[in-house]
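Peer 1: Just passing along the structure, written as structure tokens.
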Amino acid sequence: MQQAFTLRRFTPKDLQRVMYINRVCLPENYGDYFFMDLYNRFPETFIVAEVNGEIVGYIMCRVELGLSNFGFSGFVKKGHIVSIAVMPEHRRKGIGYALVAKAMEGMRLYGAKQAFLEVRVSNAPAISLYQKLGFKVVRTISGYYSDGEDAYVMSRVL
Ligand code: ACO
Ligand code: ZN
């Protein structure tokens, strides 16, 4: 039977579990200060997903002033998905989709007009997720990752 999941905002007591999920799921890892800084500045876009009271996924973001990805001239507020992960045994249940959707609500609260992220060009599951959410590849950054892999920048209007 499909276990239901719930979403809520990150709180500081979740830090070790979220850092664990980040280490299990992604090669891009960060110190505790980095997670807490994003939480302190953008709590509405740092969301965790729980199954049976245990955190199984997270998303964290920041809002930046940047050039529009869609040809509007000048600077716009953009929500940047910094990191998202769902534990392997809980994937393909809609948790990743729900985390991004919830984070985009938070971005709108902060006045962001667009959302974007970088993703490895080989990361087919994540690229599919973002496409399903309406993100499109807007450019490629050569050698973006520390192992030399390229990144797609994917973006959508909010
Ligand atoms: N293959 C093909 N399509 C997929 C896959 C896959 N393995 N996974 C997700 N999708 C697409 C599908 O369209 C899916 O809809 P469907 O299940 O109805 O077909 C849709 O995305 C939604 O999938 P979810 O179940 O919501 O996604 P999930 O909870 O599995 O999380 C995630 C996706 C976060 C990418 C997960 O695979 C993961 O944690 N991967 C490792 C970490 C990672 O790569 N994070 C993203 C890095 S980029 C960044 O952080 C900015
Ligand atoms: Zn980024």
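Peer 1: Among the listed pairs K77/K136; K113/K136; K93/K113; K78/K136, give every one whose C-alpha distance is greater than 24 Å. Display every interim value, and only then the final one.
Peer 2: On the way: K77/K136 18 Å; K113/K136 15 Å; K93/K113 28 Å; K78/K136 15 Å.
Beyond 24 Å: K93/K113.
Peer 1: Using only DSSP helix segments of four residues or longer, with each worth -39500 (n - 2.57), what per-residue ellipticity at 222 nm results for the chain after dividing by its residue count and rounding to 500?
Peer 2: Values: 4 runs with 45 residues, N = 158.
That calculation yields -8500 deg cm²/dmol at 222 nm.
Peer 1: Would you mind estimating how fast the chain diffuses translationally, via Stokes-Einstein at 4 °C and 1.567 mPa s with the Kirkwood radius over Cα pairs, in µm²/s?
Peer 2: Working: Rh = 16.0 Å.
Rounded to a whole number, D works out at 81 µm²/s.
Peer 1: Still on this model: Roughly speaking, what is the centre-to-centre gap between the stretch 20-73 and the stretch 108-158 when only Cα atoms are used, to the nearest Å?
Peer 2: So the two Cα centres are separated by 14 Å.
Values quoted throughout were computed directly from the atomic coordinates according to the rules given, and no laboratory measurement underlies them. Remember, it's a predicted structure, so these values are computed and weren't measured experimentally.
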